[in-house]
Amino acid sequence: GRLPDDTPLLTDGHVRLFGAEREMARQTLRAAVHAFLMSVRPGDYLAVLSFLPQDQALTAGLETLRERLSTRLGVPVLVSHGPQYLHSIGQLYKGGPARGCFLLLTSDDPVDCPVPGAPYTFGVLKRAQALGDFQALKDRRRQVLRLDLGRQPAEGITILLETVRVMSGRVPGAPVPR
């Protein structure tokens, strides 16, 4: 009925970072996210894998993040909502060309319900799917960073938007952001 607790590489307020290179653990959250994003190269694509609640405000924030990342990095950026994407484009992420970089976002579920006849909740099931995809991407040596946004995912999206806004550097050939 519960998943094991992960040990984050770093924590900043309610946001926890997982899956980055160990040397990133000595950085701030923003510096680690910046380093991850700057590792995206021309010819790559970035997929934001959202296991966040699907409400209008978060969806709008993710779309703004997608647009800003695409402009900043000069690569295609898409947002996929989990667990729905796992049986479609998720197969490409793991089995297709190794040109994808993945930012996996999780959070606590504001409302959680038991699965009838099971010893776990839908929230635990969804988190297990996110962690399974995270591990599958790592096992296939895909570039992946997981951010758990805790109980306030909107604040986590704001932190990401601010990180992209103040990023120094850009991929050569990418348009200069406004």
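The values are calculated or read from the model by the stated rules, or taken from the named source; none is laboratory data. Quick caveat, the model's predicted, so the values are computed rather than measured. A quick note on method: Cβ atoms are made from the backbone with ideal geometry, for glycine too, and the neighbour counts reach across all protein chains shown. All accessible areas refer to the heavy atoms of the entire protein, side chains included, with ligands and DNA or RNA removed. Shrake-Rupley method; radii C 1.70, N 1.55, O 1.52, S 1.80 Å.
Just by accessible area at a 1.4 angstrom probe, what is the order of Thr28, Thr59 from largest to smallest?
Result, largest first: Thr28, Thr59.
Measuring from label point to label point, each 7 Å out along Cα→Cβ, what is the Glu162 to Thr28 span in nm?
0.9
Averaging sequence separations of C-alpha pairs under 8 Å and six or more residues apart, then dividing by the length of the chain, give the relative contact order as a whole percent.
33
Report the extension gain between Gln91 and Glu155 in nm, rounded to one decimal, defined as 0.36 nm multiplied by the number of residues separating them, less their alpha carbon distance.
That pair, Gln91 and Glu155, stretches by 20.0 nm at full extension.
Determine the gain in length on full extension of the stretch Met38-His14; use 0.36 nm per residue of separation and subtract their C-alpha separation, reporting nm with one decimal.
6.3 nm
What label, among (1) 49; (2) 26; (3) 42, belongs to percent of Cα pairs over 26 Å apart computed from the structure on display?
(2)
How much of Ser50 can a 1.4 Å solvent probe reach, expressed as accessible area in Å² and rounded to 10?
Approximately 0 Å² for this residue.
Just Ala118, Ala57, Ala154 to compare: in a GNM of the chain, with alpha carbon springs under 10 Å, which one fluctuates most?
Ala118
I'd like the accessible area for Asp112, computed on protein heavy atoms only with a 1.4 Å probe and all protein chains in place. Round to 10 Å², please.
70
Percent of accessible area on the chain owned by carbon and sulfur, 1.4 Å probe?
Values: 4970 of 9290 Å².
Carbon-and-sulfur percentage of accessible area, whole number: 53.
Could you provide, to the nearest whole Å², the per residue accessible area of the chain with probe 1.4 Å?
Averaged over the residues of the chain, the accessible area is 52 Å².
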